[in-house]
Amino acid sequence: MKKTFGILLLSAVITPVGAQRILSLDSCRQMALRNNKQLGISKLKQDVAENARKSARTKYLPHVSAIGTYEFTSEEISILNDGQKAALGGLGTLVGGTLQNTLGSLVATLPPAAQMQMAQDMANVTAGLNQKGQNIVDAFRTDTRNIFAGSVVVTQPVFMGGAIVALNKMADITTEMAKNSMDARRHATLYQIDQAYWQVVSLHHKKALAESYLELVKKFDSDVHKMIDEGVATRSDGLSVDVKVNEAEMTLTKVNDGLVLSRMLLNQLCGLPLNESVILQDEQADNIAVVELTPQLDVENAVAHRPELKMLQNTVDLSKQATNVLKAANLPQVALMGGYAVSNPNVLNGFEKKFAGYWHLGVIVRVPIWNWGDVMYKVRASKGATAIATLELDEAREKIELQVNQTTFKVDEANKKLTMAQKNIQRADENLRTANLGFQEGVISPTVVMEAQTAWLQAQSQKIDAEIDVKLSQVDLQKALGTLE
């Protein structure tokens with residue numbers, strides 16, 4: 001987009017003329033589009049919506065995550081209780097005592113040397129069994145005060161109640177809404193720059209008219225004062241003409257002030273320094289070029305192209321998809337899950353103080369059973385929002401239909417006013433010519449001439465207004481139809 005704006009700006013008609021440059025309407029439009037901050041914001045919002053749309057697409061794909069944990073506990077998990085540990089630790093002593101009680105009478109019949117050997121062997125067996133029992137106790141020790149664990153998990157959604165599909169549709173609608181919002185801002189910018197451009201052109205021509213009128217009344221004032229000196233006219237006539245000169249000077253001052261402010265506004269919209277002096281292409285012509293168009297009522301075209309209606313339709317569609325997301329909360333959700341888990345200590349081969357792991361694969365099913373109607377109430381509220389958005393869309397269509405009718409009528413009315421203004425110009429010119437001729441011959445008073453001059457000024461001013469009205473009414477119609485480009 002930035003490259004496009006740059007090319008359009010370079011192709012704009014901007015021709016240096018001394019310290020000034022000439023700007024056409026198209027060049028002003030492109031500069032305004034490039035400078036408008038709200039358009040830049042709309043472009044960024046469009047980028048945000050596009051990235052959100054791409055993010056929603058990833059919900060269809062498997063997600064991989066890694067988890068690692070460490071835990072220290074003050075006590076370790078013990079599989080054997082204290083009695084079992086004591087019994088296994090004294091296993092040899094228990095067995096030796098039992099054998100001694102059982103074989104005591106038999107051992108007493110043996111020779112002393114054999115008895116001593118038997119006692120020594122029994123002590124060795126008792127000690128060996130005690131050691132083996134203690135080894136068993138130690139083998140059952142878990143040593144779980146320091147636990148390390150980790151896993152890599154892959155999750156693939158299978159059915160989420162339609163929530164993922166609805167979210168992706170919402171992302172698509174949001175992207176389209178951002179585009180429509182940018183189009184609406186573009187149309188508003190073009191409309192604003194057209195208004196400012198033709199305002200400057202109008203005031204420029206009115207300034208030229210005010211200067212011509214001031215020159216006209218000054219010449220007439222000079223003629224009247226000469227006649228006063230000759231005794232042909234009265235001093236009252238001179239004072240009346242002086243008042244007209246003052247009024248013409250005040251009018252010129254007001255026009256100059258308005259023109260300066262209008263140029264500042266145009267410069268600000270175009271991104272130029274406020275005090276930079278520029279010349280507009282339509283200021284150079286003696287008359288404002290007007291092409292009268294026959295307006296045709298085309299409501300369907302407006303409905304199809306107006307970005308405001310498209311945005312309201314996007315709002316309705318978004319609301320419907322939001323309802324589908326809420327409905328998904330009452331439907332079963334299924335996902336596949338798999339991964340690899342490790343731990344230290346591990347129980348894959350007894351209790352071992354080392355890392356070991358295993359692969360796993362499973363299915364997760366979530367079935368909502370009871371939520372006290374929470375989802376139902378949310379769905380009802382969402383449907384209500386959809387109904388509101390639909391009513392707003394219908395109302396906007398009716399207003400746009402009315403707007404198209406009004407702007408079509410205004411274009412036709414502006415064309416008629418221009419035709420009447422052009423006819424009035426001819427009458428005013430003839431009236432002024434006749435008044436001047438009669439004044440020179442002495443058959444018409446200065447008051448009649450001043451009235452003719454005032455009528456000529458009004459006719460010329462009305463003609464300029466009518467020409468600008470035709471231009472602006474055409475812009476209004478294009479905006480109403482959504483075809484302002």
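The values are calculated or read from the model by the stated rules, or taken from the named source; none is laboratory data. Quantities reported herein were computed from a predicted structural model and do not represent experimental measurements. Cβ: placed from backbone, ideal geometry, glycine included. Neighbour counts: every protein chain shown. Quick note on the areas: whole protein, heavy atoms, side chains included, nothing else; ligands and nucleic acids left out. Shrake-Rupley method; radii C 1.70, N 1.55, O 1.52, S 1.80 Å.
Is it true that some residue in region 370-383 is part of a helix (DSSP H, G or I), open to solvent by 30 Å² or more (accessible area, probe 1.4 Å), assigned by the TED database to the domain that holds V291 and closer than 29 Å to V303 by Cβ? Yes: one or more hits.
Within region 251-264, is even one residue in a helix (DSSP H, G or I), over 28 Å from A459 (Cβ atoms) and at pLDDT 85 or above? Scanning region 251-264, I find at least one residue that is in a helix (DSSP H, G or I), over 28 Å from A459 (Cβ atoms) and at pLDDT 85 or above, so the answer is yes.
Considering only region 153-175, state which residues are open to solvent by less than 70 Å² (accessible area, probe 1.4 Å), outside any helix (DSSP H, G or I) and of a type in the set (V, I, T). Listed by number, the residues that qualify are V153, V154, T155.
Checking each residue of region 382-396 against the condition of being modelled with pLDDT of 90 or more and within 30 Å of V290 (Cβ to Cβ) gives no match. Test Q426 against the stated conditions and say whether it is in contact with a helix residue (DSSP H, G or I) (Cβ under 7 Å, 6 or more places away or on another chain) and open to solvent by 60 Å² or more (accessible area, probe 1.4 Å). No.
Taking region 17-97 as the region of interest, the helices (runs of 4 or more DSSP H) fully inside it that hold 1 or more residues being free of Cβ contacts under 8 Å to residues at least 40 places away in the same chain and surrounded by fewer than 13 Cβ atoms within 10 Å (Cβ to Cβ) are 37-57, 82-89. The single condition among (1) open to solvent by less than 20 Å² (accessible area, probe 1.4 Å); (2) of a type in the set (G, A, S); (3) within 31 Å of the chain's Cα centre (by Cα) that G238 does not meet is (3). Taken together, the residues in region 158-213 that are under 30 Å from V375 (Cα atoms) and more than 32 Å from the chain's Cα centre (by Cα) amount to 1.
Within region 311-322, not a single residue is loosely packed, with under 14 Cβ neighbours inside 10 Å and in a helix (DSSP H, G or I). Scanning region 272-282 turns up at least one residue that is surrounded by 14 or more Cβ atoms within 10 Å (Cβ to Cβ) and in a strand (DSSP E or B).
Criterion first (over 30 Å from the mean Cα position of the chain (by Cα), in the same structural domain as L33 (by the TED database) and of a type in the set (K, R)) does K417 satisfy it?
Answer is yes for this residue.
Considered as a group, the residues in region 214-232 that are open to solvent by 30 Å² or more (accessible area, probe 1.4 Å) and hydrophobic (A, V, I, L, M, F, W, C) include one that is nearest to the chain's Cα centre (by Cα), and that residue is L216.
The residues listed here are F409, F439; of these, the one that is in a helix (DSSP H, G or I), closer than 30 Å to E300 by Cβ and aromatic (F, W, Y) is F409. Between Q100, Q120, the distinction of being at pLDDT 75 or above and assigned to a helix (DSSP H, G or I) belongs to Q120 only. Within region 355-403, the set of residues being in contact (Cβ under 8 Å) with a residue 12 or more places away in the chain and among the aromatic types (F, W, Y) comprises F355, Y358, W359. Of all residues in region 316-336, none that is without any contact (Cβ under 8 Å) to a residue 60 or more places away in the chain has its Cβ atom under 7 Å from the Cβ atom of a residue that is surrounded by 17 or more Cβ atoms within 10 Å (Cβ to Cβ) and aromatic (F, W, Y), 6 or more apart or on another chain. Restricted to region 439-459, and to residues there that are surrounded by fewer than 22 Cβ atoms within 10 Å (Cβ to Cβ) and of a type in the set (S, T, N, Q), the residue that is nearest to E292 (Cα to Cα) is Q458.
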